[in-house]
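Here the structure is laid out as structure tokens; the discussion comes afterwards.
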Amino acid sequence: MQETIGKRIARLRQELCWTQQSLAERLAISRVAVSHIEMDLTIPGERTITLLAGIFKMTPLRLVEETTYPIEKAERLPQTACCYTALELELRLLEKDIEWMGRLEDCKNNAQENRALAARVTAYWRNQLEIWSSEVLSETEKEQLAHARRLLRRLQAPTPSPHQPGDSSVI
């Protein structure tokens, strides 16, 4: 027997440990509308299916395949949907900046300028992470932010010199 589209959406939401309210906020619809979709009282439109597919990190057609979603509506769905949040994009950019700053450290030319630039970039990201902290909704996003903060802290940690006092490799 085919799964209803409402039951599939409810199952996917529950797998992410989200409430109907948190899903509604991501979709810019009411919690009651999410409830009606999950109880199969209403059939979501193509826009909503496309947004849901992106939220659940799948294509719209994969979201509705082998469900009771009407074929005539499924035929109008786009092939893909945006499936990364603004936060995920920002965190990827942060990772790229950290990689870049690592290469800057290896550059001996303009070392003082490079350190000043790295300090400004680090301050920018610290500020961005604080802004995101007030906007995140899910536990997953909170964990992603915590990971990003750890990366920044590690970047700021002083690197031990290769030869510590008492190191027997020092001649």
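Compute a Gaussian network model of the chain, connecting alpha carbons closer than 10 Å, and tell me which residue from 149, 92, 76 fluctuates the most.
76
Which one, 1, 87, 33, is farthest towards the positive end of the dipole of the chain when Lys and Arg carry +1 and Asp and Glu -1 on their Cβ?
87
How are the C-alpha pair distances of the chain spread across 10 Å bins, as whole percents from the shortest bin up?
9, 28, 22, 17, 13, 8, 4, 1
Tell me the relative contact order for the chain as a rounded percent, counting alpha carbon contacts under 8 Å between residues six or more apart.
Result for the chain is 17 percent.
Within straight cross-link reach of residue 108, meaning Cα distance under 27 Å, which lysines are found once same-chain residues fewer than 8 apart are removed?
Leaving aside lysines fewer than 8 places away in the same chain, those within reach of residue 108 are 96.
Quick one: dipole size for the chain, taken about the Cα centre, charges +1 on Lys/Arg Cβ and -1 on Asp/Glu Cβ, in debye to the nearest 20.
Value, rounded to 20: 280 debye.
For region 5-74, with only Lys/Arg (+1) and Asp/Glu (-1) charged at the beta-carbon, what is the dipole magnitude about the Cα centre, in debye rounded to 20?
180 debye
Return the single residue from 20, 112, 144 with maximal mean-square fluctuation; model: Gaussian network over the chain, springs between Cα atoms under 10 Å.
112
Counting Lys and Arg as +1 and Asp and Glu as -1, each charge on the Cβ, what is the dipole of region 86-156 about the Cα centre in debye, to the nearest 20?
380 debye
Name the residue, out of 70, 44, 60, whose mean-square fluctuation peaks in a Gaussian network model built on the chain with Cα pairs under 10 Å.
Checking each option, the largest mean-square fluctuation is seen for 70.
Quick note: the coordinates plus some simple rules give every number you see, no bench work behind them. Computed from a prediction, not measured in an experiment: that's the story for all the values here. Positions of Cβ are backbone-derived with ideal geometry, glycine not excepted, and every protein chain shown enters the neighbour counts.
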